[in-house]
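A short write-up of the structure that comes next.
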């Protein structure tokens, strides 16, 4: 099938920081990138012909992504105790033009493999998120410090299907995921060169566009459209740790436990595929 993959990527960004006063500052980050991918896969012809929902053996993908992170920082905002407060807003978006083609042309003895054939998929996808967040750090006693964070993450998926036929219906659709994710850590300077800490954090991970781009029926046959049945995974992590400064470096030790719900895993495996 002459499998191969070509990727071209360009990206850049800019960061602007300004000190408003001795205690306050602002920071703005902007970025933009573009990524184009063409991949020829070793998907057998019979598999592509078996289902109208099969996207073919050639992926033609063009993505444009950009975003910003705006942040305000204030120091020593709680009396005379060392403290820091950060308030911010993050926005990111990705636009995707996704096409799929058969990786063959012709039939019988004249059939050629590893070449671009008929169109089997054509859609425009968009994903964007808007996340306000707060972070705070407070040394409430000379040897004790607490760090906390709170983030409300909202992620939107939108898909517009342009490949519509009698046997291939309009699979346009959208999905929205949101979650409030907190974190907190308590630190204690037990000795001049020894710090102990305990922490808790919740994680929130939506499906990626690659994961949501394919779905199959109960028999494993490829179906058309995005897999909006995938749910975001949520995890909770607890950790205890110690850090000590040595003459020639830093020694750290930690014990942690993470539990995850709705983790996205492989749907099926057939001889490694």
Fill in the blank from the handout: Going through (1) under 32 Å from the mean Cα position of the chain (by Cα); (2) part of a strand (DSSP E or B); (3) surrounded by 15 or more Cβ atoms within 10 Å (Cβ to Cβ); (4) touching a residue at least 40 places away in the same chain (Cβ under 8 Å) one by one, residue 116 fails only at (2)
Completion exercise
If we keep only residues of the stretch 226-273 that are in a loop (DSSP other than H, G, I, E, B) and farther than 26 Å from residue 216 by Cα, then the residue farthest from the chain's Cα centre (by Cα) is 247
Handout entry: Residue selected from the stretch 229-246 under the condition loosely packed, with under 15 Cβ neighbours inside 10 Å and under 24 Å from residue 94 (Cβ atoms), by the criterion modelled with the lowest pLDDT
Key = 229
Problem - Test: residue in the stretch 256-272 that is out of contact with any strand residue (DSSP E or B) (no Cβ under 7 Å at 6 or more places or on another chain), loosely packed, with under 10 Cβ neighbours inside 10 Å, at positive phi and without any contact (Cβ under 8 Å) to a residue 60 or more places away in the chain - result: yes
Handout entry: Selected residue (only one of 129, 122 is modelled with pLDDT of 95 or more, more than 23 Å from residue 200 (Cα to Cα) and either part of a strand (DSSP E or B) or in contact with a strand residue (DSSP E or B) (Cβ under 7 Å, 6 or more places away or on another chain) (or both))
Key = 129
Exercise for the section: Report yes if residue 151 is without any contact (Cβ under 8 Å) to a residue 40 or more places away in the chain and part of a strand (DSSP E or B), otherwise no. Expected result: yes
Exercise for the section: Restrict the check to the stretch 168-185 and report whether at least one residue is under 25 Å from residue 89 (Cβ atoms) and not in a strand (DSSP E or B). Expected result: no
Exercise for the section: State all residues of the stretch 93-111 that are part of a strand (DSSP E or B), within 17 Å of residue 47 (Cβ to Cβ) and out of contact with any helix residue (DSSP H, G or I) (no Cβ under 7 Å at 6 or more places or on another chain); if no residue qualifies, say none. Expected result: 100, 101, 105
Problem - Single residue of 68, 37, 6 found to be assigned to a strand (DSSP E or B), in contact with a strand residue (DSSP E or B) (Cβ under 8 Å, 6 or more places away or on another chain), touching a residue at least 24 places away in the same chain (Cβ under 8 Å) and exposed (fewer than 12 other Cβ atoms within 10 Å of the Cβ) - result: 6
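The values are calculated or read from the model by the stated rules, or taken from the named source; none is laboratory data. What you are looking at is a predicted structure, and each value in this text was computed from that prediction instead of being measured. Ideal geometry is used to build each Cβ from the backbone, glycine not excepted, and the neighbour counts take in all protein chains shown.
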